[in-house]
Each structure stands twice: as C-alpha cells, then as structure tokens.
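The values are calculated or read from the model by the stated rules, or taken from the named source; none is laboratory data. It should be emphasised that the depicted structure is a prediction, and the values quoted were computed from it without experimental measurement. Cβ coordinates were reconstructed from backbone atoms using ideal geometry, including for glycine residues, and neighbour counts include every protein chain displayed.
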Amino acid sequence: MSAYVVNTAHINALVRLALEGPTGVPIDPGHTWHTVWFDGGRLHYDRADELGQALLRENIRSVNYRYDERRKVPAYSYPGGRTLTVPEAIEAIAGYHYQACEHPGWERSEVCRFLFRLLSAVAARVPGVETAGTWSISSDAHPAIGVSA
C-alpha cells in the first residue's frame, strides 16, 4: 500500500476522538475524556486547531519523505468531526499511523507519542478490559493453547 495524506475528515475524526472520546464514553463538559497530553499540556478544546495542524503536518512530512516531494502543509482549522466507536477509533489511529510513520523523525515526534497515549486511552475502553485481571500476571498456570513442550 502506498503512503498518502489522509482526508481532512480523518484528521477531524481523530481530533474529535482526542477531545470527546469514542461513542458512549461520558465526559465532563469543557474537559477531555482522558488525560492525554499533547505538546507539553493537557489537550483542551482551545487546542483543537493546533492538534489537527500537527497531525496534518506529520502526515505530509511522511509522504514528502517517502516520495521525495515538497508538499506544503495547508492551514488547518477544526470544524468538528465524526464520532468514532471504539473499534473505529483503533482502526483510524492505526490507519493514520501507517500514513505518518515514514520519515526518520517519526518515533521521536510529539504526534507519535500523542497517538500512543490516545490509543492507550481508547484501548482501556474495550469491553472487558477493566475486568480482565491481567494488569499484573503472576502465574503461568494457563499455558498458551496449541503450544507443546
């Protein structure tokens, strides 16, 4: 699959996800649904444009590096976006990551760190995670299925 600049709707959905969480996650008005930090501070609605601009910039940086292009990063303003379910959110984060990770500075970028924190926050909302009992595994009493010694 080729690298490409994701649609603005994808950026908008990621920004909304960061601000409001996936469908069905309650939030306090005026506050984000998690404590994901972005660029040295907790993400709030007044930083939506900044986050969207950073997401767009990293994606374009990746495509420019991959294809030796010189695309300029257009201005971004958050108009709102689609609300994602937990599975859609996980896939949207993975899809964006795939398109933005081509340049050598990706792993050290604030956007990469932000996406990891956002994915962790979304993954915590997967049904059954809170009651799985695997935060600290202390026994190998149940070996992997299909593995022979």
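Per the conditions (1) touching a residue at least 24 places away in the same chain (Cβ under 8 Å); (2) under 21 Å from residue 120 (Cβ atoms); (3) surrounded by 15 or more Cβ atoms within 10 Å (Cβ to Cβ), the sole criterion not satisfied by residue 39 is (3).
Per-residue answers, yes or no, for (1) more than 25 Å from residue 23 (Cα to Cα); (2) in contact with a His (Cβ under 7 Å, 6 or more places away or on another chain); (3) at pLDDT 95 or above; (4) acidic (Asp, Glu):
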position: 78; (1), (2), (3), (4): no, no, yes, no
position: 126; (1), (2), (3), (4): no, no, no, no
position: 132; (1), (2), (3), (4): no, no, no, no
position: 141; (1), (2), (3), (4): yes, no, no, no
position: 147; (1), (2), (3), (4): yes, no, no, no
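Here residue 96 clears all of (1) under 30 Å from residue 16 (Cβ atoms); (2) modelled with pLDDT under 95 except the condition numbered (2).
Of everything in the range 105-119, what is assigned to a loop (DSSP other than H, G, I, E, B) and either modelled with pLDDT under 95 or closer than 18 Å to residue 8 by Cα (or both)? Give them in sequence order.
To start, the set of residues in the range 105-119 that are assigned to a loop (DSSP other than H, G, I, E, B) comprises 105, 109.
Across the range 105-119, there are no qualifying residues.
Within the range 40-70, track down each residue that is under 17 Å from residue 104 (Cα atoms) and either aliphatic (A, V, I, L, M) or not in a helix (DSSP H, G or I) (or both). Correct list: 54, 55, 56, 60, 63, 68, 69, 70.
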